[in-house]
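Peer 1: Mind looking over this structure? Questions follow.
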Amino acid sequence: MNDLQGRTVLVTGAGRGIGRAEALHLASLGANVVVNDPGVDIDGDGGDARVAEAVAAEIRDRGGRAVADTGSVTDWAAAERMVALAVAEFGDLHAVVNNAATEVNKGLERLTEAEFDGVVAVKLKGAFAVSHWAAVHWRRRHDAGDRTDRAIVNTASGSGLYNPLPTQSNYAAANAAVAAMTTVHALELGRLGARVNCVVPSMIRTRLTLGVPGMDDAPPADGPDAKDPAVVAPLVSYLVGPHCTLTGQVLSVRGGAITALRGWELGEGIERDGADWTQADLAARLGALPWQDPFDRLAASLGAALGTQGRQALEAMISAQLDRA
Ligand SMILES: NC(=O)c1ccc[n+]([C@@H]2O[C@H](COP(=O)([O-])OP(=O)(O)OC[C@H]3O[C@@H](n4cnc5c(N)ncnc54)[C@H](O)[C@@H]3O)[C@@H](O)[C@H]2O)c1
């Protein structure tokens, strides 16, 4: 059931954190892994080719099969080359794990155009670019009569889905878009035998979450570590495997808890014959609906997760973040 022998998986952003743990786990189950990572800083600056190579070497040292790739997922031609590398090295590409991300956290009035575009480019366009070139390859194989099972696993964040965070216009918007794109691609690629799902890591100890209250504490001396970067890897390995039947799903992972996320859905509303609403009608009838305050929603999910006591403490924390940025 766990056997990924003979399957080739491309993992983006696999040089560090959650992606690295996914690459190691996939390889331990027998998959050939393309370890993609340009080794950039948290904000996308810089680059270090040794980051991807170190993970590929670690896999090979353990007896697995891996090749490093240092292209950026934001580069259309580099995304095409990643897919070509998988095929050249291992004969085919069965699955893509879109995991790469950067962060630049600032309040709306401080976030620059370049900082918005850069984060969206890695998370959203990057997932699109790599998935596009994988789909081009899968279309060719399908047209040639190949009916092999294929899969894409996208990666989103609670910031964008159930707890969009202040200072993350770019990151939250891109993550919400990745979840939306997951559904689109699941509906489109079913006819090629490809399943598309999305994982949503939560509260995992990587460089992205250092500094978040409660995240920089030491791992427990014994017992399971719910914040270990490896907690997402078993689910990802299942989702890329040939025995998985899920598609179009978005799954939160927090420690050992895997929870289906439900997207936007129609709620309460008002209606009349014709659309000639008066301002007074709208004020009275919309005002009577049971709206949920977005801050209360954030407090409900974040407050519990961070152990934050009450609305005032959370407001103070967010103000401090906005001021710091
Ligand atoms: N850590 C968490 O608690 C958490 C929570 C929610 C979502 N996530 C998501 O999980 C994924 C992994 O995050 P992480 O915490 O391991 O972060 P990380 O910073 O440790 O790892 C991300 C990797 O992506 C790489 N990367 C950046 N730009 C790239 C590009 N253009 N092309 C290819 N690779 C690139 C980086 O070099 C880095 O090694 C991200 O998609 C993130 O949004 C993480």
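Peer 1: In the list T259, T247, which residue meets the criterion of being assigned to a loop (DSSP other than H, G, I, E, B) and within 23 Å of N154 (Cα to Cα)? Full working, then the answer.
Peer 2: Details: T259 fails: assigned to a loop (DSSP other than H, G, I, E, B).
Criteria check complete, one pass: T247.
Peer 1: Give me the pairs, please: first residue somewhere in the stretch 262-287 and on the phi < 0 side of the Ramachandran plot, second residue anywhere and open to solvent by 70 Å² or more (accessible area, probe 1.4 Å) and not in a helix (DSSP H, G or I), beta-carbon distance under 7 Å, and either six or more positions apart or on two chains.
Peer 2: E268/P290
Peer 1: Out of V104, V33, V87, V120, report the one residue that is touching a residue at least 12 places away in the same chain (Cβ under 8 Å), closer than 23 Å to L4 by Cβ and within 15 Å of the ligand (Cβ to nearest atom).
Peer 2: Answer to the check: V33.
Peer 1: Can you name the residue in the stretch 247-282 that is within 27 Å of P166 (Cα to Cα) and β-branched (V, I, T) and is also surrounded by the fewest Cβ atoms within 10 Å (Cβ to Cβ) among such residues?
Peer 2: T259
Peer 1: Give me a count of the residues in the stretch 102-133 that are of a type in the set (G, A, S) and part of a loop (DSSP other than H, G, I, E, B).
Peer 2: Qualifying residue count, the stretch 102-133: 1.
Peer 1: Test of understanding: among P201, P213, which residue is open to solvent by less than 60 Å² (accessible area, probe 1.4 Å) and either within 20 Å of L251 (Cα to Cα) or within 15 Å of the chain's Cα centre (by Cα) (or both)?
Peer 2: Numbers: P213 fails: either within 20 Å of L251 (Cα to Cα) or within 15 Å of the chain's Cα centre (by Cα) (or both).
Residue meeting the stated conditions: P201.
Peer 1: From the list R311, R324, which one is over 16 Å from V200 (Cβ atoms), open to solvent by 30 Å² or more (accessible area, probe 1.4 Å), touching a helix residue (DSSP H, G or I) at 6+ places or on another chain (Cβ under 6 Å) and modelled with pLDDT under 95?
Peer 2: Exactly one of R311, R324 is over 16 Å from V200 (Cβ atoms), open to solvent by 30 Å² or more (accessible area, probe 1.4 Å), touching a helix residue (DSSP H, G or I) at 6+ places or on another chain (Cβ under 6 Å) and modelled with pLDDT under 95, namely R311.
Peer 1: Take R311 and tell me if it is within 22 Å of the chain's Cα centre (by Cα), outside any loop (DSSP other than H, G, I, E, B), over 26 Å from N99 (Cα atoms) and of a type outside the set (D, E).
Peer 2: Judged against the criteria, R311 is not a match.
Peer 1: Moving on to the next point. Does the stretch 288-297 contain any residue that is open to solvent by less than 40 Å² (accessible area, probe 1.4 Å) and in contact with a Pro (Cβ under 9 Å, 6 or more places away or on another chain)?
Peer 2: no
Peer 1: Quick one: is R285 over 16 Å from V153 (Cα atoms), outside the structural domain of N154 (by TED's automatic domain parsing), open to solvent by 80 Å² or more (accessible area, probe 1.4 Å) and at pLDDT 95 or above?
Peer 2: On the way: over 16 Å from V153 (Cα atoms): yes; outside the structural domain of N154 (by TED's automatic domain parsing): yes; open to solvent by 80 Å² or more (accessible area, probe 1.4 Å): yes; at pLDDT 95 or above: yes.
So R285 passes the test.
Peer 1: Which numbered condition in (1) surrounded by fewer than 22 Cβ atoms within 10 Å (Cβ to Cβ); (2) of a type outside the set (D, E); (3) near the ligand (Cβ under 8 Å from one of its atoms) is the only one that R20 fails?
Peer 2: (1)
The values are calculated or read from the model by the stated rules, or taken from the named source; none is laboratory data. This one's a predicted model, so the numbers in the text were calculated from it and none came from an experiment. Here the Cβ is made from the backbone with ideal geometry for all residues, glycine too, and neighbour counts use every protein chain on show. SASA here: full protein model, heavy atoms, side chains in, ligands and nucleic acids out. Shrake-Rupley method; radii C 1.70, N 1.55, O 1.52, S 1.80 Å.
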